[in-house]
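The values are calculated or read from the model by the stated rules, or taken from the named source; none is laboratory data. Because the structure is a prediction, the values reported are computed rather than measured. Every residue, glycine among them, receives a Cβ derived from its backbone with ideal geometry; neighbour counts consider all protein chains shown. When the accessible area is computed, the model is the full protein with side chains, heavy atoms only, and any ligands, DNA or RNA have been set aside. Shrake-Rupley method; radii C 1.70, N 1.55, O 1.52, S 1.80 Å.
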Amino acid sequence: MKYQLSNDARPQAMTLLLAAILSIALWFIPFAEILSYPFRIFVTFIHEGGHAIAALVTGNSVQSLSVAMNGSGETYTTQGGLFSQMLVSSAGYIGAMTYGALLLVLIRRSVAARLVLVGSAAVVFALTTVFGVVKPVMAGTWGSLSGLPFTLLAGVLISVGLFAVARFASARVATFLVSFLAVQCVLNALLDLKTVFFLSSPFATTVPTDALNMANATGVPAIVWSIVWISLSVLILAVTVRQYIGSRRSPSLGATPELALGTGTNAFAMPALPSASEQVRYDKSA
């Protein structure tokens, strides 16, 4: 069957296009990265949250989650088997791309933007309090908590900001913010994967990355895993965009404007966590 941009998808598509243009334009405006900085930190929370959730799903425990001022992040988990290591290592970049794709799907399905923002605020707040504060404080010592202040501050501010927009902003502004978040998740996931690809080169300086964790666990070179993740991310994005703009030739149900959206891996000793015999560190490079 033929697919085309249906009439009911045009308002959401225009909003998404504006969000994409603004995101790209910010790259070329001097000092404009200040405006996009909170969104990059948001994506880092989603990235590290992907590691944490994958660890829990595979029966491991999360020891700590932290976000740094430069946009990088770290998540420490207990060490599982080969499948667990592969899933947890892959869940960062693929998780960020999937989250962005999910926001796009919600936009297309006309889920209320306010509801999506509240849900995103709850996700960041839960990651901050449970894995960023409670877990490391209960299991560690003060010497290992250097990343806690910024993680707590950033997590709370982002959560409050998203909730405030959902509560007080107009439906149009909330819709645009969700579209902008989706674009930021997608673009940052691809840019971070590009960084990992170059860091995985045999000629690059060895830097702890998720791809290096995969290489240590499987024996397959890190650059291969970076290529696999890039391919999967592009595939996820392509399928999502096709679903977003495509419409089978059938009567449209229409959308209400107010609701439109509009372990043998790279392990590092962590003195603050003496209760875990073995841990794995999952990194997001700035």
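Give the relative contact order (percent, whole number) for the stretch 87-196; include only Cα pairs under 8 Å separated by 6+ residues. The normalised contact order for the stretch 87-196 reaches 49 percent.
Nearest 0.05, what FRET efficiency do Leu56 and Leu102 give at R0 = 25 Å with Cβ-Cβ as r? The partial results should precede the final answer.
Details: r = 19 Å, r/R0 = 0.75.
The value I calculate is 0.85.
In order along the stretch 198-204, the phi-based Karplus estimate (6.51 cos²θ - 1.76 cosθ + 1.60, θ = phi - 60°) of 3J(HN,Hα) comes to 6, 5, 8, 4, x, 9, 8 Hz; Gly and Pro are listed as x. Each of the peptides 32-44, 176-188 was scored by the mean count of other Cβ atoms within 10 Å over its residues; in descending order, highest first, they stand as 176-188, 32-44.
Here the spin labels are modelled as points 7 Å beyond Cα on the Cα-Cβ line, and at Ala122 and Met69 they lie 3.3 nm apart.
Protein chains only, probe 1.4 Å: how do Arg114, Arg172 rank by accessible area, largest first? Could you put the intermediate results ahead of the total?
Working: Arg114 90, Arg172 195 Å².
Of Arg114, Arg172, the descending order of accessible area is Arg172, Arg114.
A Förster radius of 51 Å combined with the Cβ-Cβ distance from Val130 to Phe203 puts the calculated FRET efficiency at roughly 0.80.
The length gained on full extension between Glu33 and Thr195, counted as 0.36 nm times the residue separation minus their Cα-Cα distance, comes to 56.6 nm. Working from label points 7 Å from Cα in the Cα-to-Cβ sense, the Leu82 to Leu157 distance is 4.5 nm. Spin-label model, Ala25/Val173: points 7 Å from Cα along the beta carbon direction are separated by 1.9 nm.
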